[in-house]
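Here's the structure we're looking at; comments come further down.
The values are calculated or read from the model by the stated rules, or taken from the named source; none is laboratory data. Worth saying up front: this structure is predicted, and the values here are computed from it rather than measured. Every residue, glycine among them, receives a Cβ derived from its backbone with ideal geometry; neighbour counts consider all protein chains shown.
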Amino acid sequence: MNSEAVHREPVWRDRSNFVIATRIEPGQSGVSTEQLWARCIDDLHYELCCIPFFAYDLALGDVVEVDASYMVRRVTKGSGRSVFRVYFGRSEHPTAEIVEHLTGLGGLVEWSSENLLAVDAPDQATAQPIADYLQEQEDLGRLMYETGKTT
């Protein structure tokens, strides 16, 4: 399968001027690449202007190096931001209420589909309350979530 995840409403659309991509490890997502809106810094370096839906160890504001095909090679300068993925599945709890609470805590959000939300926290002081809230909501059976970091 050669499916690409697309960002329809990147949170920093106004900063972006280019689209790059990254490979996604095989898994349940059915996605093999994710396109990433970015701001060109030079021929090899781009600042990410969207919140990754599927890619791990990338975050909004990271500066990445790309290859000749504009595929991400590596992060050259981390932004210090955190990423959370929220899956609502068949939850009957209003998603708007959860999104409102997340943005009230200082998070930025970007929808992949009606059931999948990417959440950005600008720093650890914001990330911890977001993680605590998401854990509380998961414990109530309203969603499932994960972080975007593998380490």
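Just one of A59, A68 is in a loop (DSSP other than H, G, I, E, B) and either under 13 Å from the mean Cα position of the chain (by Cα) or at positive phi (or both); which is it?
Values: A68 fails: either under 13 Å from the mean Cα position of the chain (by Cα) or at positive phi (or both).
None of the others qualify; the one that does is A59.
Is the range 7-19 home to any residue that is surrounded by fewer than 16 Cβ atoms within 10 Å (Cβ to Cβ), assigned to a loop (DSSP other than H, G, I, E, B) and in contact with a strand residue (DSSP E or B) (Cβ under 6 Å, 6 or more places away or on another chain)? Checking the range 7-19: at least one residue is surrounded by fewer than 16 Cβ atoms within 10 Å (Cβ to Cβ), assigned to a loop (DSSP other than H, G, I, E, B) and in contact with a strand residue (DSSP E or B) (Cβ under 6 Å, 6 or more places away or on another chain).
Is the range 34-48 home to any residue that is touching a residue at least 24 places away in the same chain (Cβ under 8 Å), within 15 Å of the chain's Cα centre (by Cα) and part of a loop (DSSP other than H, G, I, E, B)? The answer is no; no qualifying residue exists. State all residues of the range 79-110 that are charged (D, E, K, R) and surrounded by fewer than 20 Cβ atoms within 10 Å (Cβ to Cβ); if no residue qualifies, say none. Scanning the range 79-110 gives R90, E92, E97, E100. Is it true that some residue in the range 71-89 is at pLDDT below 95, outside any helix (DSSP H, G or I) and not assigned by TED's automatic domain parsing to the domain that holds F53? Yes, the range 71-89 has at least one match.
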